[in-house]
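Undergrad: Sharing a structure with you now.
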Amino acid sequence: MLLIWNRPGFVEELSEDERNAIFGEVDVIMKELTESGELVGGEALAHPAQTRTVRPAAGGGTEITDGPFVESKEQFAGYLTVDCETPERAAEIAARWPDVAHGVGVLEVRPVMEQAGTEM
């Protein structure tokens, strides 16, 4: 799985031409992954302001708060699930993703665990 992390709002700071160029790059990669059969799925996530965080509360129960409140400029923005022959191929795909190529985010490459256990 390729986990996409970037700075919320960066897209709105781009000109229309810059946005079109970045989304065009995404389209090219997605087409290639679809044609190669490597694309399993993926989605972008809503702005972090729409996030709710659920955590254990002091004294028992749970606490629900607005936002992720992560001490980081980058927030989890979306994911791609790919079926690759090697981890190196997944990293190659991640390196081409516009967030990485344009220096506005990072992609985390992480194997997905099998449902039957902890094997990856």
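The values are calculated or read from the model by the stated rules, or taken from the named source; none is laboratory data. None of these values were measured; they are calculated from a predicted model. Cβ atoms come from the backbone with ideal geometry, glycine included; neighbour counts cover every protein chain shown. Keep in mind that these areas ignore ligands, DNA and RNA; they rest on the heavy atoms of the full protein, side chains included. Shrake-Rupley method; radii C 1.70, N 1.55, O 1.52, S 1.80 Å.
Undergrad: Given the structure, is Glu12 assigned to a strand (DSSP E or B), open to solvent by 60 Å² or more (accessible area, probe 1.4 Å) and charged (D, E, K, R)?
TA: no
Undergrad: Something else now. Examine region 18-25 for a residue that is surrounded by 14 or more Cβ atoms within 10 Å (Cβ to Cβ) and either part of a loop (DSSP other than H, G, I, E, B) or among the aromatic types (Phe, Trp, Tyr) (or both), and state whether such a residue exists.
TA: No: region 18-25 contains no residue that is surrounded by 14 or more Cβ atoms within 10 Å (Cβ to Cβ) and either part of a loop (DSSP other than H, G, I, E, B) or among the aromatic types (Phe, Trp, Tyr) (or both).
Undergrad: Looking for whichever is open to solvent by less than 90 Å² (accessible area, probe 1.4 Å) and either touching a Leu at 6+ places or on another chain (Cβ under 6 Å) or in contact (Cβ under 8 Å) with a residue 12 or more places away in the chain (or both) here; the options are Ala49, Ala57. Which one fits? Give the derivation first.
TA: Details: Ala57 fails: either touching a Leu at 6+ places or on another chain (Cβ under 6 Å) or in contact (Cβ under 8 Å) with a residue 12 or more places away in the chain (or both).
Step by step, each of Ala49, Ala57 is checked, and only Ala49 is open to solvent by less than 90 Å² (accessible area, probe 1.4 Å) and either touching a Leu at 6+ places or on another chain (Cβ under 6 Å) or in contact (Cβ under 8 Å) with a residue 12 or more places away in the chain (or both).
Undergrad: With the requirement that a residue be modelled with pLDDT under 90 and either open to solvent by less than 70 Å² (accessible area, probe 1.4 Å) or assigned to a strand (DSSP E or B) (or both), what does region 106-120 give you?
TA: Gly117, the sole residue that qualifies.
Undergrad: Could you list, in sequence order, all residues of region 28-46 that are open to solvent by less than 90 Å² (accessible area, probe 1.4 Å) and touching a strand residue (DSSP E or B) at 6+ places or on another chain (Cβ under 7 Å)?
TA: Passing the criteria: Met30, Leu33, Glu38, Leu39, Gly41, Gly42, Ala44, Leu45.
Undergrad: Arg96 versus (1) modelled with pLDDT of 95 or more; (2) open to solvent by less than 90 Å² (accessible area, probe 1.4 Å): which is the lone unmet condition?
TA: Of the numbered conditions (1) modelled with pLDDT of 95 or more; (2) open to solvent by less than 90 Å² (accessible area, probe 1.4 Å), the odd one out for Arg96 is (2).
Undergrad: If a residue has to be under 13 Å from the mean Cα position of the chain (by Cα) and either at pLDDT 95 or above or in a strand (DSSP E or B) (or both) to count, how many in region 73-89 make the cut?
TA: Adding up the residues that qualify gives 8.
Undergrad: Give me the pairs, please: first residue somewhere in region 70-99 and in contact (Cβ under 8 Å) with a residue 40 or more places away in the chain, second residue anywhere and of a type outside the set (A, V, I, L, M) and open to solvent by 80 Å² or more (accessible area, probe 1.4 Å), beta-carbon distance under 6 Å, and either six or more positions apart or on two chains.
TA: Hits for this filter: Lys73/Arg7; Glu74/Arg7; Gly78/Glu43.
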